1. Looking at this structure, is residue 383 free of Cβ contacts under 8 Å to residues at least 12 places away in the same chain and in a helix (DSSP H, G or I)?
2. For the stretch 221-249, which residues satisfy the criterion of being hydroxyl-bearing (Ser, Thr, Tyr) and within 16 Å of ligand 2 (Cβ to nearest atom)?
3. Quick check, is residue 293 in contact (Cβ under 8 Å) with a residue 12 or more places away in the chain, within 11 Å of ligand 1 (Cβ to nearest atom), closer than 23 Å to residue 229 by Cα and surrounded by fewer than 24 Cβ atoms within 10 Å (Cβ to Cβ)?
4. With respect to residue 400, determine if the residue is within 23 Å of the chain's Cα centre (by Cα) and open to solvent by less than 10 Å² (accessible area, probe 1.4 Å).
5. Go through the stretch 112-142 and give me each residue that's closer than 17 Å to residue 233 by Cα, open to solvent by 10 Å² or more (accessible area, probe 1.4 Å) and in contact with a Lys or Arg (Cβ under 9 Å, 6 or more places away or on another chain).
6. What is the one condition in (1) in a loop (DSSP other than H, G, I, E, B); (2) touching a residue at least 40 places away in the same chain (Cβ under 8 Å); (3) touching a helix residue (DSSP H, G or I) at 6+ places or on another chain (Cβ under 8 Å) that residue 152 does not satisfy?
7. What are the pairs, 6+ residues apart or on separate chains, where a residue within the stretch 308-332 that is more than 16 Å from residue 296 (Cβ to Cβ) has its Cβ under 7 Å from a residue that is open to solvent by 30 Å² or more (accessible area, probe 1.4 Å) and within 13 Å of ligand 1 (Cβ to nearest atom)?
Amino acid sequence: MSHPPNLQERLRLDGVDTLLVQFTDVHGCAKGKLVPLAHLDDVLGIGAGFAGPSIWGTGLPRTGPRSEYHAVGDPSTLQPLPWMPRVARIVGDGHVDGRPFDACPRQVLRRATARLLERGWMLRTGIEPEFFLLRRAADGRWIPGDDQDRLDKPSYDLKSLCRQAGFLQELAATLQACRLDVLQLDHEDAHGQYEVNFAHDEALASADHLMLFKLAAHALAEARGLVFSMMPKPFAGQPGSGMHFHVSLWENRPDGRCVFEPQAGADLSPLGRHFVAGVLAHAPALCALAAPTVNSYRRLGPGPSITGTTWAPVCIAHGPNNRTAMVRTLPGRFEWRLPDAAANPYLATAALVAAGLDGIDRGLDPGPAFTEDLFELGPAGWARSGLARLPMSLEAALDALEADAVVCGALGEALSREFLKLKREEWSAWSGQVTPWELQRYAAAF
Ligand code: GLU
Ligand code: MG
């Protein structure tokens, strides 16, 4: 791989002596290792080596040439980490046996963006992580890190925001030092829940940034005795953590125009409407990637919350500036409100692209736009309006994924197989649990 010959020297002058070679496993967790800067050429060439089967989702064998996973550094991602003195992060692309590894999530997204590029397009996303700051009480319960955070409607609460300002400002300053454009930070709709927004960027860069954000937030929270949590729904009766994607498609050239930009009237161009129609048509399968845990389906339920609503989508619908719909359309872009904080950003984006392109290729129509409050409408109203519900469990979403050749095709044979296997195991482990709720309800009832 070619790189400026003075790259190593430049990093050394920046005070860097170590590389953090990072990749993302199928679950969306950051993994990697430290490599002395002197070996930058190896990282950019053959890549940092890992035992393949020790990484979730690779499905690689324990022996032979395919047992080695190499993370080949992408030099455009090199970035000194403010919270780890002398360390620069570099994002790796998975390679096996000298070739791009088809089941590496970043390679999956690369394949998806290459399909767009063939048509002269570039996808931009703005990923909006919501998260909790938690700690463990003396009795072992997980509770909000700020125990004064108890309002009935905690959205935009400045008191709790101020109490956490030390963490939030440090997080923003850290991300800004890493060249991420932080737009805003706020208190969300549950106790101990916050959100950070970044400027939209090209899809692969956005996913890399999201992983950088997670690395930073984990480290900075831990230093303050807090646990940074991207669990989709830690507290029953309170909203969960979404990770909405703002999505727009652009001509891939300098000064390229947004191909979702409408001519007049509607939020989206005909092409944008086809893209959205594909996202609606494949929503059940997308759910497996966007809401990938057992816990994700507590968030997507329509149940009551302390604040009156969960703001998480329940049925497969789109509507202009409608936050109760799965797809909220806005002029020239849409907000995909399905993903939660546990989604792997590479896989969710790749699956979204596959669905959107299928909508374009088949010229699908998204159907009526809904302006009403879909939470208010309720099950009878959804049925009357012909609206399908999103899968109500991880198992149902996995069934939908398995049956969806378009989305599985975008993930690739190896990754779909591994993802389905791991997630079916997760579902089966959950299904064997007896929860406190069940004991409370049934133990003495019959
Ligand atoms: N927390 C909500 C969710 O789980 C979203 C709240 C909002 O609209 O920002 O999707
Ligand atoms: Mg939010």
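1. Values: free of Cβ contacts under 8 Å to residues at least 12 places away in the same chain: yes; in a helix (DSSP H, G or I): yes.
Answer is yes for this residue.
2. From the stretch 221-249, those hydroxyl-bearing (Ser, Thr, Tyr) are 229, 241, 248; that's our starting set.
Hits for the stretch 221-249 are 229, 241.
3. Numbers: in contact (Cβ under 8 Å) with a residue 12 or more places away in the chain: yes; within 11 Å of ligand 1 (Cβ to nearest atom): no; closer than 23 Å to residue 229 by Cα: yes; surrounded by fewer than 24 Cβ atoms within 10 Å (Cβ to Cβ): yes.
Against the criterion (in contact (Cβ under 8 Å) with a residue 12 or more places away in the chain, within 11 Å of ligand 1 (Cβ to nearest atom), closer than 23 Å to residue 229 by Cα and surrounded by fewer than 24 Cβ atoms within 10 Å (Cβ to Cβ)), residue 293 does not qualify.
4. Details: within 23 Å of the chain's Cα centre (by Cα): yes; open to solvent by less than 10 Å² (accessible area, probe 1.4 Å): no.
Answer is no for this residue.
5. Across the stretch 112-142, the qualifying residue is only 142.
6. With (1) in a loop (DSSP other than H, G, I, E, B); (2) touching a residue at least 40 places away in the same chain (Cβ under 8 Å); (3) touching a helix residue (DSSP H, G or I) at 6+ places or on another chain (Cβ under 8 Å) applied to residue 152, the lone miss is (3).
7. Final answer for the pair search is 309/375; 323/311; 324/375; 328/321; 330/321.
For every residue, the table says whether it meets (1) within 16 Å of ligand 2 (Cβ to nearest atom); (2) within 14 Å of residue 240 (Cβ to Cβ); (3) touching a Leu at 6+ places or on another chain (Cβ under 9 Å).
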residue: 279; (1), (2), (3): no, no, yes
residue: 293; (1), (2), (3): no, yes, yes
residue: 303; (1), (2), (3): no, yes, no
residue: 310; (1), (2), (3): yes, yes, yes
residue: 314; (1), (2), (3): no, yes, yes
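The values are calculated or read from the model by the stated rules, or taken from the named source; none is laboratory data. Values in this document were obtained by computation on a predicted structure and should not be read as measured data. A quick note on method: Cβ atoms are made from the backbone with ideal geometry, for glycine too, and the neighbour counts reach across all protein chains shown. Side chains are part of the model used for accessible areas, which takes the heavy atoms of the whole protein and leaves out ligands, DNA and RNA. Shrake-Rupley method; radii C 1.70, N 1.55, O 1.52, S 1.80 Å.
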